[in-house]
Amino acid sequence: MPAMIEDHYNAYPYPERNPQDERKRLITGSPSNPFEIDHHVFGGRRDWSKTIKILVAGGGSGDGLIQIAQGLTDANRPYEIVYIDLSTSTRKIAEERAEIRGLRNITFITGSLLDAADYGEFDYIDCCGVLHHLEDTQAGFTALSNALTDGGGLGFMVYAPYGRSGVYPLQEAFGALSEGMTPEERLKFGQTAFGRVPDTHPFKRNELLGDHNDGPAGFYDLLLHNQDRATSVKELNGYLTEADLELSSFAQPALYRLSDFLPEGFELPEGLSNVDQMHLAEKLRGTLKTHVGYANKIGQSKPINLNDHSLIPHFIGADPRQAAQVILKTGVLQIHLDGQKIGLTMPPVAAKLMGVIDGQRCLADIVKLSGMDRIAFSSIWAQLSALLCDYGLLLYSDLGKN
Ligand SMILES: C[S@@+](CC[C@H](N)C(=O)[O-])C[C@H]1O[C@@H](n2cnc3c(N)ncnc32)[C@H](O)[C@@H]1O
């Protein structure tokens, strides 16, 4: 029930943040990375001289809000952001964080994302870790979709079932036993009972989960939530479709690649749609705790067009020149995917091309510097781009252009 959600987050704002920490670090992640938003929602070609209107729906203590507003402020781009959350104490933390950073053009609202359209039309809506907490998840997707401008899009994170194995039996048992308690009483009860749960319980065997060790807010959010429903890829696709949305991409599409699990030459059974294949990959992987991705209105997704050589590539997560040096030496790019270390074999020419990515040069500049002819470049770049984009390591955007 919504009232209970407010009680929960008013007592234990999530995630637990000390606004003073804004003076020493910026929390980054997906969704909510402006470069990623441009890449997935706007085909890497948003005109950033025009004010972008953004809704941060269920903004919590402000991680996504701060990342977006700081990114756009650093890039000196015009924006207007509306933050909305049901919880007043959570909002206070987000407000303090924004204040300490001197971030402007943010309107803070205490209310429900179900009323999103009342606050305007938005080019981008960010909704991380919220829709699975609604009484009616579909109503949430639909309300956000209805608040999008033509051509706008949604960045989302929703819980996925298999990586959270063990969570739901504990949530259900603690919930049934703590009805009528205050949040503080529930926390005390839950922590005591949890201490008596055997180490062989699937939750305690699940090495992927750690929020319960991160203080009261983490414990409460993971194990004492009374409205928390994980969503498979197939269910997610159903919610999106019903809301007139389509998945433009997951942030790391490689996580959903069925072919990674199949013997070479294996022929898929007939009639498996893309969603069916991702659904099977999710089951085979078995470790996904969340689905992070972007959606546009049906028919409005804008895939990256590599024939457009004015696109500006960005290498994410490391200095591209350093990565290029390592590739030249070892022939391998080490990456982390879903807690796994993976070595991607890369040809020397990839290192040469990556070494000139600087967030300013467009593909046409890179062709010139490479000394390759356009046809050879296009073919190699298409392979390199697909490989890196699949892991969320390469994004296209004009955002950082001087
Ligand atoms: C798990 S927290 C996520 C916070 C933030 N988006 C993040 O990822 O750090 C969920 C937040 O959603 C808010 N929330 C839940 N239902 C909501 C609704 N219907 N409208 C607005 N906010 C809601 C809660 O108050 C809480 O602050």
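Cross-link list Lys24/Lys401; Lys234/Lys297; Lys24/Lys50; Lys24/Lys204: which exceed 28 angstrom alpha carbon to alpha carbon?
Checking Cα-Cα distances, Lys24/Lys50; Lys24/Lys204 exceed 28 Å.
Whole-Hz Karplus values for segment 56-70 come out as 9, 9, x, x, x, 7, x, 3, x, 4, 5, 4, 5, 5, 5 Hz, taken residue by residue from phi with 6.51 cos²θ - 1.76 cosθ + 1.60 and θ = phi - 60°; glycine and proline positions read x. Principal-axis analysis of the Cα atoms of the chain puts helix 167-177 at an angle of about 20° to the longest axis. Treating the angle as unsigned and between 0 and 90°, give the value, to the nearest 10°, between the Cα long axis of helix 88-101 and the longest Cα principal axis of the chain. Its long axis makes an angle of about 40 degrees. Once the chain from Phe189 to Glu267 is taken as fully extended at 0.36 nm per residue, the excess over their C-alpha distance is 22.9 nm. Using heavy atoms of the protein chains and a probe of 1.4 Å, the accessible area assigned to Met278 is about 40 Å².
What separates the Cα centres of segment 138-182 and segment 1-60 is a distance of 16 Å.
Counting each pair of different Cα atoms once, what's the Kirkwood radius of the chain in Å, rounded to one decimal? All intermediate terms of the calculation are to be shown ahead of the outcome.
Working: mean 1/r = 0.0445 Å⁻¹.
The answer is 22.5 Å.
Helix 137-146 and the longest principal axis of the Cα set of the chain meet at an angle near 50°.
Given the -39500 (n - 2.57) contribution per DSSP H run of 4+ residues, what per-residue ellipticity at 222 nm results for the chain, rounded to the nearest 500 deg cm²/dmol?
The per-residue figure over the chain is -11500 deg cm²/dmol.
A Cβ-based charge dipole, computed about the Cα centre of segment 313-396 with Lys and Arg at +1 and Asp and Glu at -1, lands at about 200 debye.
Restricting to bridges with both residues inside the chain, how much of the DSSP beta-bridge set is antiparallel, in percent to the nearest 5? Display every interim value, and only then the final one.
Working: 21 of 41 bridges.
Expressed as a percentage, antiparallel bridges in the chain total about 50.
Evaluate the relative contact order of the chain (contact order divided by residue number), counting alpha-carbon pairs under 8 angstrom at least 6 apart; express in whole percent. Can you show the working numbers first?
Details: 719 pairs, mean separation 78.0, N = 402.
Relative contact order of the chain: 19 percent.
Applying 0.36 nm per residue to the separation of Ser310 and Met181 and subtracting their alpha-carbon distance, the gain on full extension is 40.5 nm.
Rolling a 1.4 Å probe over the protein heavy atoms leaves Ile335 with an accessible area of roughly 10 Å².
Spin-label pair Ile27-Thr200: with each label point 7 Å from Cα along the Cα-Cβ axis, the two points sit 3.7 nm from one another. Exposed loop sites, defined as GluC sites (Glu not before Pro) outside DSSP H, G, I, E and B with at most 13 other Cβ atoms within 10 Å, are absent from the longest region of the chain, namely 1-134. Here, segment 243-402 yields an orientationally averaged convex hull projection of 11.5 nm² when only Cα atoms define the hull. Temperature 37 °C, viscosity 0.692 mPa s: under these conditions the Stokes-Einstein estimate for segment 180-250, based on its Kirkwood radius over C-alpha pairs, is 222 µm² per second.
Rounded, prolate or oblate: which one fits segment 166-312, using the alpha carbon gyration tensor with axes a ≥ b ≥ c (rounded when a/c is under 1.5, else prolate when a/b beats b/c, else oblate)? Prolate.
Considering only protein heavy atoms and a probe of 1.4 Å, how much of the accessible area of the chain is carbon and sulfur, as a whole percent?
Carbon with sulfur: 51 percent of the solvent-accessible area.
Note on segment 92-143: with charges restricted to the Cβ of Lys and Arg (+1) and Asp and Glu (-1), its dipole about the Cα centre is near 300 debye.
Projecting the Cα positions of Asn305, Ala243, Phe219 onto the charge dipole of the chain (unit charges on Cβ atoms of Lys, Arg, Asp and Glu, taken about the Cα centre) puts Asn305 furthest along the positive direction.
Just to confirm, what accessible area per residue do you get for the chain at 1.4 Å probe, in whole Å²? Mind dumping the intermediate values first?
Numbers: 18430 Å² over 402 residues.
Computed with neighbouring chains in place, this is 46 Å² per residue.
The values are calculated or read from the model by the stated rules, or taken from the named source; none is laboratory data. On a predicted model such as this, the values are computed, not experimentally measured, just so you know. Backbone-built Cβ (ideal geometry, glycine too); neighbour counts: all protein chains shown. Side chains are part of the model used for accessible areas, which takes the heavy atoms of the whole protein and leaves out ligands, DNA and RNA. Shrake-Rupley method; radii C 1.70, N 1.55, O 1.52, S 1.80 Å.
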